[in-house]
Amino acid sequence: MKKSIKIILSVFLLIILITGGFVGNMFGVFSAGNYKNCETSLQENSPLFGKTVIFLGSSVTYGYGSLGKSFADLLEETDGITAIKEAVSGTTLADNKESSYVSRLKTIDKNIKADAFVCQLSTNDATKNIPLGCVTGSKNQESFDTKTVAGAIEYIISYVNDTWKCPVVFYTQAKYDSESYEKMVSLLWEIRKKWDIEIIDLWNKENINSITEEQRKLYLVDNIHPTRAGYLEWWLPEFQARLKEIL
């Protein structure tokens, strides 16, 4: 009897350890990229110093694979911006839940003196097969089908233009294996023609997508989510350069 109890306890403990290791690895707890090459220093002479930037997104903007710190937080640490980060993992641009981009956008303080608005082209819309929709001929918010990717993007742009009247910047994911997301990137460029927004296009950036396998192990916890080192060494220079141009 005692032997059976010991076996059951051992199996239970093993399950806990395996589950804990899996979850920890998923969030980047055990990733070297969250501890190696991660030091930052504030550059007070940065052209971005003192700028207020609103960030809207999901897990990549939140920092799912980097212990809750993304490039948005690193821009605070290195360039002295004030980052208003509205990011919830697993959410979509399309307005199909209360946690969607469109819904959360409306909860951000309208009185913020924003210098720029940065929005993530969410990978979740591709994963969940949200309809792409199409670009309309209108700029009236009521005409956008926010249940589609196109409609949600157009609504966000229109809302930001009306509310904060600051540059709108969308950023894409670095390239990974997804035809659906590739179509979303193409759609975003089509929308740009209508709205004249800015795009930080990591998907089509050669130097972003030509990293070595060794770098990939350090910079990513999976195919999508960067580690702190990934944000700092791999993504941050692109955001710094483009935001300096825009602002």
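The condition of being touching a residue at least 12 places away in the same chain (Cβ under 8 Å), not charged (D, E, K, R) and not in a loop (DSSP other than H, G, I, E, B) holds for Ile153.
A search for C-beta distances below 7 Å between a residue of region 194-212 that is open to solvent by 50 Å² or more (accessible area, probe 1.4 Å) and any residue that is of a type outside the set (Asp, Glu) and in a strand (DSSP E or B), counting only pairs 6+ apart in sequence or on different chains, returns Glu198/Val168; Glu198/Val169. Restricting attention to region 79-99, which residues are buried (at least 20 other Cβ atoms within 10 Å of the Cβ) and of a type in the set (S, T, N, Q)? The answer is Thr91, Thr92. Filter region 97-127 for residues that are more than 28 Å from Leu232 (Cβ to Cβ) and touching a helix residue (DSSP H, G or I) at 6+ places or on another chain (Cβ under 9 Å) and give the result. Result: Lys97, Glu98, Ser100, Val102, Lys106, Lys110. Only one of the numbered conditions (1) more than 16 Å from Leu105 (Cα to Cα); (2) open to solvent by 40 Å² or more (accessible area, probe 1.4 Å) is violated by Pro167, and that is (1). Considering (1) under 14 Å from the mean Cα position of the chain (by Cα); (2) over 19 Å from Thr163 (Cα atoms), the lone condition that Ile84 does not fulfil carries the number (2).
Listed conditions (1) of a type outside the set (Val, Ile, Thr); (2) within 20 Å of Ala174 (Cβ to Cβ); (3) not in a loop (DSSP other than H, G, I, E, B) are all met by Lys69, apart from (3). Which of the following residues is assigned to a helix (DSSP H, G or I) and at pLDDT below 95: Glu190, Glu142? Only one candidate passes the filter, namely Glu142. Here region 110-143 is the region considered, the condition is being out of contact with any strand residue (DSSP E or B) (no Cβ under 8 Å at 6 or more places or on another chain) and charged (D, E, K, R), and the residue that is least open to solvent (accessible area, probe 1.4 Å) is Asp125. At pLDDT 95 or above and within 17 Å of Phe239 (Cβ to Cβ), is that true of Ile199? Considered against the rule, which asks whether it is at pLDDT 95 or above and within 17 Å of Phe239 (Cβ to Cβ), Ile199 comes out as yes.
Scanning region 103-127 for residues that are of a type in the set (D, E, K, R), touching a residue at least 40 places away in the same chain (Cβ under 8 Å) and either under 22 Å from Ile81 (Cβ atoms) or not in a helix (DSSP H, G or I) (or both) returns Arg104, Lys106, Lys110, Lys113, Asp115.
Consider region 36-66 and keep the residues that are more than 17 Å from Trp235 (Cβ to Cβ), part of a loop (DSSP other than H, G, I, E, B) and in contact (Cβ under 8 Å) with a residue 40 or more places away in the chain. The one that is most open to solvent (accessible area, probe 1.4 Å) is Pro47.
The values are calculated or read from the model by the stated rules, or taken from the named source; none is laboratory data. Everything quoted here is computed from the prediction, not taken from an experiment. Please note: Cβ atoms are built from the backbone with ideal geometry, for glycine as well, and neighbour counts cover all protein chains shown. What goes into the accessible areas is simple: the full protein's heavy atoms, side chains included, and nothing from ligands, DNA or RNA. Shrake-Rupley method; radii C 1.70, N 1.55, O 1.52, S 1.80 Å.
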